[in-house]
1. Tell me which label goes with the value of Cα extents along the principal axes in Å computed from the coordinates here: [x] 76, 74, 31; [y] 70, 45, 41; [z] 54, 46, 41.
2. Output the 0 to 90 degree angle, nearest 10, between the alpha-carbon long axis of helix 215-232 and the longest principal axis computed from the alpha carbons of the chain.
3. Hey, what did the chain get for relative contact order, percent, Cα under 8 Å, at least 6 apart?
4. Any idea what the dipole of the chain comes to, in debye rounded to 20, about its Cα centre with Lys/Arg Cβ at +1 and Asp/Glu Cβ at -1?
5. Between W385 and L98, what FRET efficiency comes out of the Förster formula 1/(1 + (r/R0)^6) with R0 = 45 Å and r the beta carbon distance, rounded to 0.05?
6. Mind ranking 238-245, 380-387 by how tightly packed they are, going by the mean number of other C-beta atoms within 10 angstrom, highest first?
7. Among A146, V106, V312, pick out the residue whose Cα is farthest towards the positive end of the charge dipole of the chain, where Lys and Arg carry +1 and Asp and Glu carry -1 on C-beta, about the Cα centre.
8. When Lys and Arg each count +1 and Asp and Glu each count -1, what net charge do the other residues less than 12 Å away from G267, Cβ to Cβ, add up to?
Amino acid sequence: METRPARFSPEIRRALRVDVSAALLFTVFASLTTPFIGLILRRELGATPLQLSVMSAAGGACLLLSLAWARALGGRPPLPYLVWPSFVARGLFLFVPLASSAWSFVSLVVAANVFGAAAAPAQAAVVERLYPRAARGRALGLVRMAGAALGVGLALAAGQLFERVDSRVIFPAAAVLGMAASLRQRSLPVPAAAENGERAVGGLRQAWAAVRDDDVFRRLLVASFLFGAGCWIQTPAHPLLLVDVLHVSAAQVGVFAAAAAVATLVGSAWWGELVDRRSSLDALWMMYVVGAATPAICALAWNPWMLVASSVTDALFGIGLDLVWMIVVIDLAGPRRAAQYVAIGATLAGVRGVLGPLLGGLVIWALGVRAVYLVALALMAGAAWLVARESGRHAVVYCQS
């Protein structure tokens with residue numbers, strides 16, 4: 001008989017109050033920027049498939065610096081390394097009114113990705129310290145649920161807003177709120193590291209040793225590489241599918257984002273509960289199966305409204321990736337190596353982030369937009385099978401029982 005989850009301690013509740021308020025501010029920023037970048041680039045600035053591919057690939061290349069960022073963090077207090085890079089990344093959207101061409105807009109997005117990637121190792125270290133493992137999934141799920149609840153109505157409003165207000169006004173306003181979210185995180189009550197806490201992160205040699213010596217982590221990295229390649233290869237195809245094939249309007253993009261926000265609201269609670277109640281590897285392969293549904297839907301979509309379904313599956317996968325993968329890595333690494341393991345995973349994400357969009361651009365040129373989604377489906381389904389096999393072998397990374 002399953003026991004009910006224990007209530008959050010006063011320390012966790014105090015952290016959640018800050019984390020949730022920061023998440024609400026970030027949700028407004030993200031809702032007014034992320035869903036509309038590709039649309040604005042293609043529709044208003046005439047971005048070519050090459051430019052869209054370069055933007056995606058350069059964003060992936062930023063992740064190649066993850067080991068360097070983790071090494072800079074070392075054993076230092078992680079909170080400043082989370083707050084200030086994200087503050088700069090969001091603040092760069094203040095300069096959107098100065099972007100008069102597709103290349104200048106792409107450059108701003110790439111620069112934002114550089115600073116955003118710098119915060120990832122520190123985020124893992126902050127999460128590991130803030131939330132005990134038995135409550136980590138539920139706590140992170142609650143934070144994501146708060147943002148998703150706000151995002152439901154906000155997404156619909158954002159689509160209408162972009163139809164009526166110049167994007168050069170909207171993006172800077174969103175940037176201010178995103179920067180405020182970063183500053184709010186300064187109040188997170190992050191405990192000091194235990195005596196056996198994080199150790200200094202080495203360079204490539206130490207990263208290779210960690211991968212070589214950890215069989216489970218190595219196999220998961222292979223699966224993650226395949227799945228991530230399936231994700232990245234789609235990135236140059238999405239704006240083309242929206243604008244050129246299905247002729248989607250900004251208002252429809254708002255509806256898609258609203259559906260995604262509802263799915264995120266549900267998925268935040270479900271993934272968080274699942275990852276605390278069962279093995280985090282079980283949650284991972286389930287997440288991969290859900291993610292593989294997105295390219296399948298996009299490959300078959302003949303009407304814009306079919307993308308509501310892909311928005312739902314993509315959001316369920318996205319919130320799962322954000323929550324489950326981090327917990328899997330922390331479970332494997334423990335507190336001493338959490339930042340290093342996250343950096344290793346992010347570095348490989350950078351490799352596929354460079355190659356995937358460029359390969360996607362070649363597939364589009366040779367076989368058309370929809371062929372990209374079929375290739376992505378094969379890669380992502382293969383990754384789900386690998387993780388399910390690993391989970392069925394022996395690797396119950398964490399289970400409350």
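No lab work stands behind these numbers, since they all come straight from the coordinates. Just so we're clear, the structure is a prediction, and the values are computed from it rather than from any experiment. All Cβ positions, even for glycine, are placed from backbone atoms using ideal geometry, and neighbour counts span all protein chains on display.
1. [z]
2. Taking Cα atoms only, the helix is inclined about 10 degrees.
3. 29 percent
4. On the way: 32 positive and 20 negative charges, 140 e Å.
Dipole of the chain, to the nearest 20 debye: 680 debye.
5. Working: r = 47 Å, r/R0 = 1.05.
Efficiency at R0 = 45 Å is approximately 0.45.
6. Per-residue mean Cβ counts within 10 Å order the peptides as 380-387, 238-245.
7. A146
8. Result for the local shell: -2.
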